[in-house]
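The values are calculated or read from the model by the stated rules, or taken from the named source; none is laboratory data. Since the model is a prediction, treat every value here as computed from it, not as a measurement. With ideal geometry, Cβ positions are generated from the backbone for all residues, glycine too; neighbour counts draw on all protein chains shown.
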Amino acid sequence: MQQIHISIIILATLIALVLFSFLITKVPSNNTGALVNVFQQQDSNSKIKDVENDTKLVALHNAIVPEIQGYHDILAAEVNKINDNKILFTIELAGDANTNEKYETVYLWLIYISTTDGNDASPIDKEFQLYTLIIPNFGANSNFGNKETGWYLAIFNNTNNFYTLPLSKISDMPTNKVQVFIDPIFIGNPSNFNYLVSSMIRVNNTFLDKSPDYFVDFAPDSFTSFWKHWFK
């Protein structure tokens, strides 16, 4: 469990550092237009579709080369407000992530909330709040330890540098989906927000004080330059 805590803390710290670099370098505005706006109304629904079979191992560190599985391939991401005032986050996959047997797979949501007037999705020259939903899965034979096997969820406030939801064990996922629901208080009760998603792999269970070893897929696809810069 301690290794998982270290892994999640390092990942959240990297997110904060790269966000700062992202704002300085100003990712091209044609990319920022792909962000999806989600309004918190009862029938609120926002979905990003992704191309199937567009996965690719992008090595961030020299490590064992894992085999890409269907559950690394993001087909779509969707956000819905459900009846009990919870927000449901869903990533549709080309395979069942519960079958992960090796390594650590991480599904990451970047949630960007503008605190200025207007619904422009661009984070450039705006006040903002940034949160990350971090959803790691440790395979039974991942060598991260038997007590660490399974699914976890953490929510990090990158703007203020603290966890609104500490790392928590959660149940298995639906077939071919990564799906969690949260109380909106954990992301500051926004009236609207924008998001990006990605999938990553960590194969080395010894060195957790670094980013994951491979970035595999992301949505929307138009954020290629953003993610390459993120994991540079």
(message) Quick check on my filter: what residues within region 164-177 are over 14 Å from Glu104 (Cβ atoms) and touching a residue at least 40 places away in the same chain (Cβ under 8 Å)?
(response) Asp172, Met173, Thr175, Asn176, Lys177
(message) Going by what's in this entry, would Asn119 be described as touching an Asp or Glu at 6+ places or on another chain (Cβ under 8 Å), part of a loop (DSSP other than H, G, I, E, B), modelled with pLDDT under 90 and under 22 Å from Pro184 (Cα atoms)?
(response) no
(message) Could you go through region 133-151 and let me know if any residue there is modelled with pLDDT under 90, loosely packed, with under 15 Cβ neighbours inside 10 Å, under 19 Å from Arg202 (Cβ atoms) and charged (D, E, K, R).
(response) yes
(request) Scan region 95-108 and report the pairs whose first residue is closer than 23 Å to Leu208 by Cα and whose second residue is surrounded by fewer than 24 Cβ atoms within 10 Å (Cβ to Cβ) and acidic (Asp, Glu), with Cβ atoms within less than 6 Å and a gap of 6+ or a chain change. (result) Asn98/Asp172
(request) Scan region 157-195 for residues that are at pLDDT 95 or above and among the polar types (S, T, N, Q) and report the count. (result) 4
(message) Looking only at residues that are modelled with pLDDT under 95 and crowded, with 18+ Cβ neighbours inside 10 Å in region 107-116, which one is nearest to Ser198 (Cα to Cα)?
(response) Leu108
(message) All but one of (1) in a helix (DSSP H, G or I); (2) over 26 Å from Leu57 (Cα atoms); (3) of a type in the set (Phe, Trp, Tyr) hold for Phe226; state the number of the condition that does not hold.
(response) (2)
(message) Being crowded, with 20+ Cβ neighbours inside 10 Å, under 21 Å from Pro66 (Cβ atoms) and of a type in the set (A, V, I, L, M) is the filter here; which residues of region 173-232 pass it?
(response) Met173, Val178, Val197, Met200, Ile201, Leu208, Val216, Ala219
(request) Give me a count of the residues in region 46-78 that are touching a strand residue (DSSP E or B) at 6+ places or on another chain (Cβ under 7 Å), surrounded by fewer than 16 Cβ atoms within 10 Å (Cβ to Cβ) and closer than 16 Å to Asn176 by Cα. (result) 2
(request) Quick one: count up the residues across region 157-172 that are hydrophobic (A, V, I, L, M, F, W, C) and either buried (at least 16 other Cβ atoms within 10 Å of the Cβ) or part of a loop (DSSP other than H, G, I, E, B) (or both). (result) 2
(request) Sort out which residues of region 171-200 are β-branched (Val, Ile, Thr), within 26 Å of Tyr214 (Cβ to Cβ) and over 16 Å from the mean Cα position of the chain (by Cα), and write them in order of number. (result) Thr175
